[in-house]
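**Q** Starting off with a structure, shown below.
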Amino acid sequence: MNLHEYQARELLGRYGIAFPHGGVATTPAEARDIAARIGGGGPVVVKAQVHAGGRGKAGGVKVASDPTEAADHAGRMLGSTIRGLAVERVLVVPATTIATEAYVGLIVDREKQAPVLMVSAAGGVDIEEVAGTTPQRIQRVSIDPRYGLLPHQAAAPAFHLYRDATLARAAAELMQRLYTAFYAIGASLIEINPLATTPDGALVPLDAKIVIDDSELPRHPDLVELRDPQSEDPAERTARAAGLSFIKLKGSVGCCVNGAGLAMATMDLVKFYGGEPANFLDIGGSSNPQKVVAALQIITADSSVRAILFNIFGGITRCDDVANGIVQATRELRVRVPIVIRLTGTNEAAALAILTQAGFSAVTDMDQAVERAVYLAGSEGTP
Ligand code: GDP
Ligand code: MN
């Protein structure tokens, strides 16, 4: 789950990381009022609140010299799109005079199987380029979650950033607070970029990005409220509402599978036969035809899908329920691409009868089904 910058700032504020205080506006007039209140009539920054990085380069971060200009910027941003995402809110904060911009981030590193702190003196809007071309300019510290980010571990990257001892100490403290927050909220990523310094030697975080691991959310009901469904991908929204695990991929074979392991095996087999999966989709172990309807809804909404492959291994999931779901879904939705069905296991015979009666054919052999789906996905559109 992605948080907006204004939410991330507020959340990190609870862990003692102080951002310049601002306000969120949904209209230009509100932006003007906030600017007048916080900026004392002086310069403010107007920031589009969308779940995208690189807003600065895309025109989503603008300095305004007075409240009227702040209203102008807000007027241009609100209702527009930044990197394809609709801007519904802007954050208005007092402008900070920047001397230096550093990057501080925390991620869960799957290879190291540990949280990793990443720090670079080359922060700001070009950090992605730094990571790509000069990765040695990013310092990494692996963290043992049993102990957290220890003081000496934070001191090293902090002194790497700042020669000034007061600044370095402040940065080390900020990194430790950041890790405390990261662990407590179950984040998979937290970034502060830029972590700025001012000409008079203050350390000021100016932007925050937080991604919370969806699997942590049941433990954090208060954080669930921060979800902004409006700014999420419609397919992922539908999937979550229906209780499906869904990940969009780039290929053309839409996959509808029960069980995460079988879903991965199916994707492997699609690739083995020369195809590309359009998605990972696990309808789970339940016997609910409605889930199949939701799954087909998501897959058919994807215009790059050229064939749909059902791969169902009936255990707790009953094949006849899935068959009913397929029949029901194809009645409700206009499916314009071929469907290949493989099912085997619990109530397999009943399922085959249901499908045959509805005009579908189904097989029990996985290789056969996958090969056929890949063939159909590739041959469609060619003469
Ligand atoms: P992002 O592009 O989405 O990461 O948005 P940021 O909030 O990081 O802003 C992008 C850039 O705008 C920063 O790297 C700064 O250079 C600049 N910026 C942001 N806030 C301020 C500010 O208060 N004062 C000044 N002078 N520049 C700012
Ligand atoms: Mn940023």
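The values are calculated or read from the model by the stated rules, or taken from the named source; none is laboratory data. Just so you know, these numbers come straight off a predicted model, no measurement behind them. Please note: Cβ atoms are built from the backbone with ideal geometry, for glycine as well, and neighbour counts cover all protein chains shown. Calculation scope for accessible area: heavy atoms of the full protein, side chains included, ligands and nucleic acids excluded. Shrake-Rupley method; radii C 1.70, N 1.55, O 1.52, S 1.80 Å.
**Q** Taking the conditions exactly as written (surrounded by fewer than 16 Cβ atoms within 10 Å (Cβ to Cβ), in the same structural domain as residue 248 (by TED's automatic domain parsing) and farther than 22 Å from residue 262 by Cα), does residue 361 satisfy them or not?
**A** So residue 361 does not fit the description; no.
**Q** If you go through region 72-112 one residue at a time, how many are within 30 Å of residue 161 (Cβ to Cβ), in contact with a strand residue (DSSP E or B) (Cβ under 7 Å, 6 or more places away or on another chain), outside any strand (DSSP E or B) and modelled with pLDDT of 95 or more?
**A** 4
**Q** Then there is this: Kindly provide the set of residues from region 298-355 that are assigned to a strand (DSSP E or B) and either open to solvent by less than 10 Å² (accessible area, probe 1.4 Å) or under 26 Å from residue 379 (Cα atoms) (or both), ordered by number.
**A** 307, 308, 309, 310, 311, 312, 314, 339, 340, 341, 342, 343
**Q** In region 174-216, which residue that is surrounded by 17 or more Cβ atoms within 10 Å (Cβ to Cβ) and farther than 19 Å from residue 5 by Cα is nearest to ligand 1 (Cβ to nearest atom)?
**A** Here the residue is 197.
**Q** I'm trying to understand the selection: among the residues of region 30-45, which are buried (at least 20 other Cβ atoms within 10 Å of the Cβ) and either part of a loop (DSSP other than H, G, I, E, B) or not small (Gly, Ala, Ser) (or both)?
**A** 32, 34, 44, 45
**Q** Another one. What pairs come up if the first residue lies in region 181-203 and is assigned to a loop (DSSP other than H, G, I, E, B) and hydroxyl-bearing (Ser, Thr, Tyr), the second is open to solvent by 10 Å² or more (accessible area, probe 1.4 Å) and away from ligand 2 (no atom under 16 Å from the Cβ), and their beta carbons are under 8 Å apart, counting only those six or more places apart or on different chains?
**A** 198/97; 198/99
**Q** Does any residue in region 38-59 that is at positive phi come within less than 8 Å, Cβ to Cβ, of a residue that is within 16 Å of ligand 2 (Cβ to nearest atom) and open to solvent by 20 Å² or more (accessible area, probe 1.4 Å) six or more places away or on a different chain, and which pairs are these?
**A** As it stands, the answer is 54/83; 54/125; 54/128, since those pairs meet every condition given.
**Q** Does residue 167 meet the test of being in a helix (DSSP H, G or I), away from ligand 2 (no atom under 16 Å from the Cβ), over 30 Å from residue 240 (Cβ atoms) and among the aliphatic types (A, V, I, L, M)? Lay out the reasoning, then the answer.
**A** Details: in a helix (DSSP H, G or I): yes; away from ligand 2 (no atom under 16 Å from the Cβ): yes; over 30 Å from residue 240 (Cβ atoms): yes; among the aliphatic types (A, V, I, L, M): yes.
Taking the combined requirement at face value, the residue satisfies it.
**Q** Looking at region 81-99, can you tell me whether even one residue there is out of contact with any Phe, Trp or Tyr (no Cβ under 8 Å at 6 or more places or on another chain), among the hydroxyl-bearing types (Ser, Thr, Tyr), open to solvent by 10 Å² or more (accessible area, probe 1.4 Å) and closer than 27 Å to residue 199 by Cα?
**A** For region 81-99, residues out of contact with any Phe, Trp or Tyr (no Cβ under 8 Å at 6 or more places or on another chain), among the hydroxyl-bearing types (Ser, Thr, Tyr), open to solvent by 10 Å² or more (accessible area, probe 1.4 Å) and closer than 27 Å to residue 199 by Cα: present.
**Q** Being buried (at least 23 other Cβ atoms within 10 Å of the Cβ), within 16 Å of ligand 2 (Cβ to nearest atom), under 30 Å from residue 176 (Cβ atoms) and of a type in the set (A, V, I, L, M) narrows it down to one residue among 48, 102; which is it?
**A** Testing whether each residue is buried (at least 23 other Cβ atoms within 10 Å of the Cβ), within 16 Å of ligand 2 (Cβ to nearest atom), under 30 Å from residue 176 (Cβ atoms) and of a type in the set (A, V, I, L, M) leaves just 102.
**Q** Please specify each residue of region 51-64 satisfying the condition of being among the charged types (D, E, K, R) and either within 8 Å of ligand 1 (Cβ to nearest atom) or open to solvent by less than 50 Å² (accessible area, probe 1.4 Å) (or both). Let's see the steps before the verdict.
**A** First, the residues of region 51-64 that are among the charged types (D, E, K, R): 55, 57, 62.
Hits for region 51-64 are 55, 57.
**Q** Any chance region 113-121 includes a residue that's part of a loop (DSSP other than H, G, I, E, B), within 16 Å of ligand 2 (Cβ to nearest atom) and surrounded by fewer than 18 Cβ atoms within 10 Å (Cβ to Cβ)?
**A** Scanning region 113-121, I find at least one residue that is part of a loop (DSSP other than H, G, I, E, B), within 16 Å of ligand 2 (Cβ to nearest atom) and surrounded by fewer than 18 Cβ atoms within 10 Å (Cβ to Cβ), so the answer is yes.
**Q** Something else: Exactly one of (1) modelled with pLDDT under 95; (2) touching a Ser or Thr at 6+ places or on another chain (Cβ under 8 Å); (3) not in a helix (DSSP H, G or I) is unmet by residue 359. Its number?
**A** Among (1) modelled with pLDDT under 95; (2) touching a Ser or Thr at 6+ places or on another chain (Cβ under 8 Å); (3) not in a helix (DSSP H, G or I), the lone unmet condition for residue 359 is (2).
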